[in-house]
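First the structure, in the form of structure tokens, and then the observations on it.
The values are calculated or read from the model by the stated rules, or taken from the named source; none is laboratory data. These numbers were taken from a predicted model, which means no experiment stands behind them. Cβ placement follows ideal geometry from the backbone for every residue including glycine, while neighbour counts extend to all protein chains displayed.
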Amino acid sequence: MTIPSQLLTDIHSLPGFDEHLFVAAHDVPPPVSVRRHPLKGAGLFANHTTVKWCSDAVYLKERPVFTLDPAFHGGAYYVQEASSMFLQHILHTAINDRRGLRVLDLCAAPGGKSTLIASLLDEESLLISNEVIRSRASILEENVCKWGYINNWVCSNDPRDIGRLHGYFDIIVVDAPCSGSGLWRKDPNALNEWSEANVALCAARQQRILADVWPALKKGGILIYATCSYSPQENEEVLDWAAATWSCEQMPVTVPQDWNIDTVYNGTRQLQGFRFFPHKVAGEGFFIAPIVKTEESGTIKNKQVSRHTPDKNAMAAAARYLSHHDMTVTAPRDNVFQAVAACHWADISILEKHIYLRRIGTSIGEPAGKDWIPAHDIALSIYANEDIPAAALSREQALRFLKREDPQAEGLQKGWYLMRYNGLGLGWVKSLGNRVNNYLPKQWRIRMDIDDSQ
Ligand code: SAM
């Protein structure tokens, strides 16, 4: 791989940089790492080397065909580049056992950071995952659904709209669109798109995004800014801009030396960031900086929360399917009801004043005459009741189900069944006695020809 000489010039004086080792690292395949779901993935990948800064994550010796593992579809783990999991270490300091936080993941698709954040929050906290590009918001929704948390909602708004939620968030993560040099090992084609002009363009866009969303962070709140670029223009210089524009300070983070992560500062040394080089860590290029807001934010006017009488049928369905201790249900959208934690009821009206929520809570399904069509969400939810009628599938049966075929599960009576693989919910079938209807969402089915690839 030939690294652009302009990039080498731009980064040659950065702490931790060594041109020879950096270039050589680009001829080595990137490590493969996965982060386990704390509830669904416990026990998976035992005896693998742990990612030092993320207790839930391990390196795999080789890259399996994840599509052929039903546990992957059941949300037991997320395939994620290791350096970016350092967010977990930063969040441990930022959250510090606090409950009831409002957290925004502004640039969230496909959902790597959101699934990591959701795993760390308590049930009273609420995570809003936003993806401005509509076509990418669907993959975000799919991954949020698979991860199964009722307190992770999804929207698709411009950062400027979200900025109108003055002082609403305790933590905002901006994993910004960038020039992407840190990911060349994973996607060598991206190298051809790299240019000095694009770095400048990205830096200007990063500042614009940050300026737009900053009002939504409360005083004392924490902005976590990240890129997968090596360029100081998109990292230290963005911190320079932030320090010159806002009243803010660094959030101190302790990093063991043997993690080989480079701590860097902006010009005035007011703000601190962390850089990952592939010749120093088992991971890709990454930069992350937590910043504490020390200036006042406005506050959003709290609209009177509407009186709410939840639909009785829907409440009964929610209790039948989910074991959450304090749920209510929203009014139906396209006939489908959503369960939310009662403590987040008021958030719906606050948020909907400024943004469109694509996904709220966990869908529980819809009435159909005397029947109730259970939503796919329930199957993936961490709250799915243990006593839901279910069939335990073999790997082959699970893959058939995930291809949206008849899984050929034995012993089904007429009615709805949750398809489980090693205890993980995958989706629903309705058994009609002589055949079954597969209710896996069409767009999420496995399209690969399984027999040829096994
Ligand atoms: N956080 C994601 C994860 O961990 O899976 C990766 C995010 S990726 C680095 C940056 C995201 O920002 C992309 O999904 C991209 O569509 C989105 N994006 C692009 N332009 C944007 C803009 N002007 N404002 C906000 N987000 C933008």
Look at segment 44-93 and say how many of its residues are among the hydroxyl-bearing types (S, T, Y) and assigned to a loop (DSSP other than H, G, I, E, B). 2
Only one of (1) within 16 Å of the ligand (Cβ to nearest atom); (2) at pLDDT 95 or above; (3) of a type outside the set (D, E) fails for A197. Which number is that? (1)
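Hey, can you tell me all the residues within segment 80-97 that are within 14 Å of G221 (Cα to Cα) and in contact (Cβ under 8 Å) with a residue 24 or more places away in the chain?
Selection gives I90, L91, T93, A94, I95.
Do the conditions hold for C248, that is, is it free of Cβ contacts under 8 Å to residues at least 60 places away in the same chain and more than 16 Å from the ligand (Cβ to nearest atom)? It would help to see each step written out before you state the result.
Details: free of Cβ contacts under 8 Å to residues at least 60 places away in the same chain: yes; more than 16 Å from the ligand (Cβ to nearest atom): yes.
So C248 passes the test.
Name every residue in segment 358-379 that is of a type outside the set (A, V, I, L, M, F, W, C), part of a loop (DSSP other than H, G, I, E, B) and surrounded by 23 or more Cβ atoms within 10 Å (Cβ to Cβ), in order of residue number.
Here is the first cut: in segment 358-379, the ones of a type outside the set (A, V, I, L, M, F, W, C) are 358-359, 361-363, 365-367, 369-371, 374, 376-377.
Filter again for part of a loop (DSSP other than H, G, I, E, B), leaving 361, 369-370.
Residue satisfying the conditions is G361 alone.
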Listed residues D56, D69; which is more than 14 Å from the chain's Cα centre (by Cα) and more than 16 Å from the ligand (Cβ to nearest atom)? D69
Read through the list (1) outside any helix (DSSP H, G or I); (2) within 13 Å of the ligand (Cβ to nearest atom); (3) more than 9 Å from the chain's Cα centre (by Cα); (4) touching a residue at least 60 places away in the same chain (Cβ under 8 Å), then give the number of the only condition that G100 fails. (2)
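Answer yes or no as to whether G182 is touching a residue at least 60 places away in the same chain (Cβ under 8 Å) and either within 16 Å of the ligand (Cβ to nearest atom) or charged (D, E, K, R) (or both). Steps first, answer last, please.
Values: touching a residue at least 60 places away in the same chain (Cβ under 8 Å): yes; either within 16 Å of the ligand (Cβ to nearest atom) or charged (D, E, K, R) (or both): yes.
For G182, the condition - touching a residue at least 60 places away in the same chain (Cβ under 8 Å) and either within 16 Å of the ligand (Cβ to nearest atom) or charged (D, E, K, R) (or both) - is met.
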When restricted to I388, I446, I382, the only residue in contact (Cβ under 8 Å) with a residue 12 or more places away in the chain, in a loop (DSSP other than H, G, I, E, B) and in contact with a Ser or Thr (Cβ under 7 Å, 6 or more places away or on another chain) is I446
For segment 409-442, which residues satisfy the criterion of being modelled with pLDDT of 95 or more and of a type in the set (S, T, N, Q)? Q413, N422, S431, N437, N438
Could you grab the pairs with beta carbons closer than 7 Å, sequence gap of 6+ or different chains, first residue in segment 398-418 and part of a helix (DSSP H, G or I), second one surrounded by 17 or more Cβ atoms within 10 Å (Cβ to Cβ) and among the aromatic types (F, W, Y)? A398/Y421
It is to be established whether one or more residues within segment 291-310 are within 30 Å of A57 (Cα to Cα) and either β-branched (V, I, T) or modelled with pLDDT of 95 or more (or both). yes
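Among the hydrophobic types (A, V, I, L, M, F, W, C) and under 26 Å from the mean Cα position of the chain (by Cα): does that describe L412?
no
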